[in-house]
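The values are calculated or read from the model by the stated rules, or taken from the named source; none is laboratory data. In this text, all values refer to a predicted model and were calculated from it rather than measured experimentally. Heads up, the Cβs are rebuilt from the backbone with ideal geometry, glycines too, and the neighbour counts pull from every protein chain shown.
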Amino acid sequence: MRVENGFRPAKSRGQNFLIDPNIPEKIVRLAGFGGSDGVLEVGPGMGALTAALCRAAGHVTAVEVDGRLIPALRERFIGSANVDIMHGDILKLDIAGLLAEKMPGQGLHVCSNLPYNITTPALTKFIGAGVFKTITVMIQKEVAQRVCAFPGTPEYGAFTVFINYHTEPEILFSVPPECFEPRPSVYSAVVKMKTREARILAKTEEPLFFKVVRAAFGQRRKTLVNALYAVFGNTFEKDGLADAVRACGFDGRVRGEVLSVEDFAKLSQIMSNFEKL
């Protein structure tokens, strides 16, 4: 099913449909789920990836926000008993509840060619649902590089830390613009995020951890101590924050952009202990 019959892709919805038949097969092969697993697909579009998914997975729930695409998708997969085509906005749905109903008892995964315009909120919601073993998505290459960035690089930021706190991400391969219709102006990349089996911190410690991360990157040109003081100044003396940073093995001139996820975890725990003194 190609972009045809008068259908006009909606730029506002980030609709760029896969037309290279090799890409969906490669995505599914590298995603690593099996015939007993359930897969959530967001933005099936013309169904290119959906077709590959239904051949490999036990069940596929494909959620499409554009109602114009639903009749053609349902017609295409009318003979596929393991595919549900749903009309809905994934950002407004209860993902855990939906998949408990559609795919009870199955190992759950995400595999999607995500619309560019919902990448960050969609990834945040997938992780927040707390039900997925892996999240494999095709996204804008620049965003993929942010997701997988290393500390001390320009791409590294608060969203990188968020993703890496919850998952272990890797870029699988790049996809050029000519694989889509209409062609986007940028390259895409497929990223696989494997959910961490063990928490880095206790759930009760996470609010402070993420507050520390947001503070560190909120004013990334400032030293970490000054960036923290701008947010935590009502709770901590600047000298106390400097002591916490030094206790992590850094000097007072360090910027937050060089700290790893584990460094931020240690820093937030030290600050929590200082706060209790």
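T120 passes every criterion in (1) touching a strand residue (DSSP E or B) at 6+ places or on another chain (Cβ under 7 Å); (2) modelled with pLDDT of 95 or more; (3) of a type in the set (S, T, Y) apart from (1).
From E170, E197, which residue is touching a Lys or Arg at 6+ places or on another chain (Cβ under 6 Å) and among the acidic types (D, E)?
E170
Any residue at all in the stretch 233-250 that is surrounded by fewer than 15 Cβ atoms within 10 Å (Cβ to Cβ), outside the structural domain of R146 (by TED's automatic domain parsing), among the small types (G, A, S) and within 22 Å of P154 (Cβ to Cβ)? Scanning the stretch 233-250 turns up no residue that is surrounded by fewer than 15 Cβ atoms within 10 Å (Cβ to Cβ), outside the structural domain of R146 (by TED's automatic domain parsing), among the small types (G, A, S) and within 22 Å of P154 (Cβ to Cβ).
For I171, indicate whether it is surrounded by fewer than 19 Cβ atoms within 10 Å (Cβ to Cβ), modelled with pLDDT of 95 or more, in a loop (DSSP other than H, G, I, E, B) and of a type in the set (A, V, I, L, M). In short, no. For R55, the requirement of being of a type outside the set (A, V, I, L, M, F, W, C) and modelled with pLDDT of 95 or more is met. Inside the stretch 80-138, can you point out the residues that are more than 13 Å from the chain's Cα centre (by Cα), of a type in the set (G, A, S) and over 18 Å from S36 (Cβ atoms)? G88, A96, G97 - these are the residues of the stretch 80-138 that are more than 13 Å from the chain's Cα centre (by Cα), of a type in the set (G, A, S) and over 18 Å from S36 (Cβ atoms). Residues in the stretch 251-277 that are in a loop (DSSP other than H, G, I, E, B) and surrounded by 19 or more Cβ atoms within 10 Å (Cβ to Cβ): R255, L259.
Being in contact with a strand residue (DSSP E or B) (Cβ under 9 Å, 6 or more places away or on another chain) and either farther than 19 Å from G157 by Cα or exposed (fewer than 15 other Cβ atoms within 10 Å of the Cβ) (or both) is the filter here, so list the residues in the stretch 193-230 that pass it.
K194, T195, R196, listed by residue number.
Filtered by the rule that a residue be among the small types (G, A, S), over 23 Å from F150 (Cα atoms) and not in a helix (DSSP H, G or I), the stretch 230-250 gives a lone residue, G233.
Can we say V186 is touching a residue at least 12 places away in the same chain (Cβ under 8 Å) and either surrounded by 18 or more Cβ atoms within 10 Å (Cβ to Cβ) or not in a loop (DSSP other than H, G, I, E, B) (or both)? Spell out the reasoning first.
Details: touching a residue at least 12 places away in the same chain (Cβ under 8 Å): yes; either surrounded by 18 or more Cβ atoms within 10 Å (Cβ to Cβ) or not in a loop (DSSP other than H, G, I, E, B) (or both): no.
Considered against the rule, which asks whether it is touching a residue at least 12 places away in the same chain (Cβ under 8 Å) and either surrounded by 18 or more Cβ atoms within 10 Å (Cβ to Cβ) or not in a loop (DSSP other than H, G, I, E, B) (or both), V186 comes out as no.
Every condition in (1) surrounded by 16 or more Cβ atoms within 10 Å (Cβ to Cβ); (2) assigned by TED's automatic domain parsing to the domain that holds G233; (3) of a type outside the set (A, V, I, L, M) is met by C179 except one, and the failing one is (2).
Determine which member of the set K141, K133, K203 is basic (K, R), farther than 30 Å from M271 by Cβ and free of Cβ contacts under 8 Å to residues at least 60 places away in the same chain.
On the way: K133 fails: free of Cβ contacts under 8 Å to residues at least 60 places away in the same chain; K203 fails: farther than 30 Å from M271 by Cβ.
Selected residue: K141, the only one of K141, K133, K203 that is basic (K, R), farther than 30 Å from M271 by Cβ and free of Cβ contacts under 8 Å to residues at least 60 places away in the same chain.
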